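Colleague: Below is the structure I would like to discuss, written out as structure tokens.
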Amino acid sequence: MCLGIPGRVLTIYELNGTRMGKVDFNGIEKDVCLAYLPEIAVGDYTIVHVGFAITCIDEQSAQETLALFHSLGVLDEELNAPIIEKQL
Amino acid sequence: MKYLDEYRDPALAQRLFDEIRRITTRPWAIMEVCGGQTHSIIRNGIDQLLPPEIELIHGPGCPVCVTPLEMIDKALAIAARPGVIFCSFGDMLRVPGSSMDLFRIKSEGGDVRIVYSPLDAVKLAQQHPQREVVFFGIGFETTAPANAMAVFQARQLGLKNFSMLVSHVLVPPAIAALMESPVNRVQAFLAAGHVCSVMGTWQYNPLVERYHVPIVVTGFEPLDVLEGIRKSVLQLEQGRAELENAYPRAVQSEGNLAAQKMLADVFQITDRAWRGIGVIPQSGWRLSANYAEFDAETRYAVTDIHTTESALCHSGEVLQGLIKPNQCPAFGKQCTPRNPLGATMVSTEGACAAYYQYGRFIRAEEVGVAQ
């Protein structure tokens, strides 16, 4: 139930005085409540849970996490790599 | 899909597995709190690919599983009333009450409807002013802002025919209860990422200090789970106990302040019984005095509830991490997703459902014997 799906905000509108938006999930569009993310703008990515955007996805942190994963074991690989590869 | 596919990369997963193997020197027991993480772990076989020293204990973070039987029975009694439209998340329909489930009420003519969002229930109340719409408001901190908004909107719209049966639970008191248990084996926690997206991470500092236990805020994709495990193992091996965030793209330390403001208005802290575990003090939310008129428990005043749990079901021990689902004698025999004896076999976050769905029928010790 704590499942959250990342999606991109397409449009922002108001319904019953509540901030709402259309969010794209890889081609599937859904109406999502944006009331809890007053700063979010069209084009931003968010995580949606039971029809509510609960957090903005921070692109910089996302990239840093991936860079960390890529760096794991790199030192090990370089030290153990065959000499011929190192020359290449 | 952006922000999903990158975190499922098998080559990077291998790097994380290798790194975890490299840093592990001793046995460690780590609990993933959230059932969503349990499913990710079992679906991807993460537990089987980790070094044998690392045991993952599946936590109680499945709201459907821990909703007390008495509350399920109340839901069944309200849903069976003529004139009521009873709305619930889909997971709840097959959860066994003392004698039946919501699905049975529906098949016997009760108007039970599955909604995607709590706001759908508010819309139904607007569309059917002559009917009573009751929403089953369950969940952890992740779901609470959505349920709070539904009650808030109902009041804004002046809806008299909307109410909520609230059974909200909170993660930090559950972690405290697990650590206080005399049979506790958990040495580190993977905290539920989306709970922290809402509430922030600051609530976990006192737990880290009081119990000297590492807590790592962790996401749900395979690489996220592995990173949470890597950070936990690193802390354990180095004798550290700190709060760390392994899911920074979705979790900020202060959490979602707009959501927290709404939660503080709509809900108040209360003691809550957890199915299979028992009462944990101050471990849930109920509607605050400002919204008492929307409380289905008082509106319908269901009494005369006599709960009976299945004698065969061991879901309480599963929820506390004392046994693995396939160590329950009823697992896959008397108890299956089609005929569940306990809620852990029903929910898409239940550990028993995960073990069943991904074919974990052999007990761990039998695998050990076979090897």
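The values are calculated or read from the model by the stated rules, or taken from the named source; none is laboratory data. Because the structure is predicted, anything quoted here is derived from the model rather than measured. Here Cβ is always computed from backbone atoms with ideal geometry, including for glycine, and neighbour counts include all displayed protein chains.
Colleague: Considering each of B:Phe140, B:Phe189 in turn, give the residue that is aromatic (Phe, Trp, Tyr), surrounded by 21 or more Cβ atoms within 10 Å (Cβ to Cβ) and under 13 Å from the mean Cα position of the chain (by Cα). Even if it seems obvious, please write down each step before you answer.
Modeller: Values: B:Phe189 fails: under 13 Å from the mean Cα position of the chain (by Cα).
Only one candidate qualifies: B:Phe140.
Colleague: Right, next: Kindly provide the set of residues from the stretch B:310-325 that are surrounded by 18 or more Cβ atoms within 10 Å (Cβ to Cβ) and of a type in the set (S, T, N, Q), ordered by number.
Modeller: B:Ser315, B:Gln320
Colleague: Do any residues in the stretch B:11-23 that are more than 8 Å from chain A (Cβ to nearest Cβ) have Cβ atoms under 7 Å from those of residues that are acidic (Asp, Glu) and in a helix (DSSP H, G or I), where the two are at least six apart or on different chains, and which pairs are they?
Modeller: Here the result reads B:Ile23/B:Glu237, each pair linking the stretch B:11-23 to a residue that is acidic (Asp, Glu) and in a helix (DSSP H, G or I).
Colleague: Also: Taking A:Leu66, is it more than 30 Å from B:Leu263 (Cβ to Cβ), at pLDDT below 95, touching a Phe, Trp or Tyr at 6+ places or on another chain (Cβ under 9 Å) and not polar (S, T, N, Q)?
Modeller: Values: more than 30 Å from B:Leu263 (Cβ to Cβ): yes; at pLDDT below 95: yes; touching a Phe, Trp or Tyr at 6+ places or on another chain (Cβ under 9 Å): yes; not polar (S, T, N, Q): yes.
Taking the combined requirement at face value, the residue satisfies it.
Colleague: Right, another one. Pick from the stretch B:229-274 the residues that are touching a helix residue (DSSP H, G or I) at 6+ places or on another chain (Cβ under 6 Å) and among the aromatic types (Phe, Trp, Tyr): which of them is surrounded by the fewest Cβ atoms within 10 Å (Cβ to Cβ)?
Modeller: The qualifying residue surrounded by the fewest Cβ atoms within 10 Å (Cβ to Cβ) is B:Trp274.
Colleague: Moving to a separate point now. Is it true that some residue in the stretch B:95-102 is of a type outside the set (Phe, Trp, Tyr) and facing chain A (nearest Cβ under 9 Å)?
Modeller: Within the stretch B:95-102, not a single residue is of a type outside the set (Phe, Trp, Tyr) and facing chain A (nearest Cβ under 9 Å).
Colleague: Those residues that are in contact (Cβ under 8 Å) with a residue 60 or more places away in the chain and not in a strand (DSSP E or B), I need them from the stretch B:24-33; list them, please.
Modeller: If the condition is that a residue be in contact (Cβ under 8 Å) with a residue 60 or more places away in the chain and not in a strand (DSSP E or B), then B:Thr24, B:Thr25, B:Arg26 are the ones that fit.
Colleague: While we're looking at this one, here's another question. Could you grab me the full set of residues in the stretch B:228-247 that are under 16 Å from B:Ala29 (Cα atoms) and of a type outside the set (Gly, Ala, Ser)?
Modeller: B:Ile229, B:Arg230, B:Lys231, B:Val233, B:Leu234, B:Gln235, B:Leu236, B:Glu237, B:Gln238, B:Arg240
Colleague: Take B:Ile54 and tell me if it is away from every other protein chain (no Cβ under 14 Å) and within 21 Å of the chain's Cα centre (by Cα).
Modeller: Spelling it out, it is not the case that B:Ile54 is away from every other protein chain (no Cβ under 14 Å) and within 21 Å of the chain's Cα centre (by Cα).
Colleague: Among the residues of the stretch B:76-100, write down those that are modelled with pLDDT of 95 or more and in contact with a helix residue (DSSP H, G or I) (Cβ under 7 Å, 6 or more places away or on another chain).
Modeller: B:Leu76, B:Ile78, B:Ala79, B:Ala80, B:Val84, B:Ile85, B:Phe86, B:Cys87, B:Ser88
Colleague: Can you tell which of B:Ala343, B:Ala330, B:Ala296 is of a type in the set (A, V, I, L, M, F, W, C) and surrounded by fewer than 24 Cβ atoms within 10 Å (Cβ to Cβ)? Lay out the reasoning, then the answer.
Modeller: Working: B:Ala343 fails: surrounded by fewer than 24 Cβ atoms within 10 Å (Cβ to Cβ); B:Ala296 fails: surrounded by fewer than 24 Cβ atoms within 10 Å (Cβ to Cβ).
Just a single option satisfies the conditions, and that option is B:Ala330.
Colleague: Report yes if A:Leu10 is over 30 Å from B:Glu19 (Cβ atoms), more than 9 Å from chain B (Cβ to nearest Cβ) and not basic (Lys, Arg), otherwise no.
Modeller: The answer is yes for A:Leu10.
Colleague: Right, another one. Residues of the stretch B:325-338 being outside any helix (DSSP H, G or I) and either under 22 Å from B:Glu55 (Cβ atoms) or touching a residue at least 12 places away in the same chain (Cβ under 8 Å) (or both), which ones?
Modeller: Hits for the stretch B:325-338 are B:Cys328, B:Pro329, B:Ala330, B:Phe331, B:Gly332, B:Gln334, B:Cys335, B:Thr336, B:Pro337.
Colleague: I've got another one for you. For B:Ala264, only one of the following conditions fails: (1) touching a residue at least 24 places away in the same chain (Cβ under 8 Å); (2) within 14 Å of another protein chain (Cβ to nearest Cβ). What is its number?
Modeller: Here B:Ala264 clears every test but (1).
Colleague: Kindly indicate which of B:Leu312, B:Leu341, B:Leu322, B:Leu263 is modelled with pLDDT of 90 or more, over 16 Å from B:Tyr355 (Cβ atoms) and part of a loop (DSSP other than H, G, I, E, B). Break it down stepwise before answering.
Modeller: On the way: B:Leu341 fails: over 16 Å from B:Tyr355 (Cβ atoms); B:Leu322 fails: over 16 Å from B:Tyr355 (Cβ atoms); B:Leu263 fails: part of a loop (DSSP other than H, G, I, E, B).
The unique qualifying residue is B:Leu312.
Colleague: A follow-up question, please. Do you know which residues across the stretch A:19-50 are surrounded by fewer than 20 Cβ atoms within 10 Å (Cβ to Cβ) and within 16 Å of B:Tyr116 (Cβ to Cβ)?
Modeller: Residues satisfying the conditions are A:Met20, A:Lys22, A:Phe25, A:Ile28, A:Glu29, A:Lys30, A:Asp31.
Colleague: Residues being more than 7 Å from chain B (Cβ to nearest Cβ), assigned to a helix (DSSP H, G or I) and either farther than 12 Å from B:Glu227 by Cβ or among the charged types (D, E, K, R) (or both): count how many of those fall in the stretch A:54-69.
Modeller: Residues meeting the conditions: 5.
Colleague: I've got another one for you. How many residues does the stretch B:252-285 hold that are more than 18 Å from the chain's Cα centre (by Cα) and under 23 Å from B:Leu190 (Cβ atoms)?
Modeller: Total satisfying the criteria: 7.
Colleague: Examine the stretch B:64-76 for a residue that is acidic (Asp, Glu), touching a residue at least 24 places away in the same chain (Cβ under 8 Å) and in a strand (DSSP E or B), and state whether such a residue exists.
Modeller: Among the residues of the stretch B:64-76, not one is acidic (Asp, Glu), touching a residue at least 24 places away in the same chain (Cβ under 8 Å) and in a strand (DSSP E or B), which makes the answer no.
Colleague: Now, a different point. Is it true that B:Gly276 is on the phi > 0 side of the Ramachandran plot, modelled with pLDDT of 95 or more and assigned to a loop (DSSP other than H, G, I, E, B)?
Modeller: No: the conditions fail for B:Gly276.
Colleague: Specify the residue that is nearest to B:Leu56 (Cα to Cα); the eligible residues are those in the stretch B:195-247 that are assigned to a strand (DSSP E or B) and without any contact (Cβ under 8 Å) to a residue 40 or more places away in the chain.
Modeller: Looking at the filtered set, the residue picked out is B:Val216.
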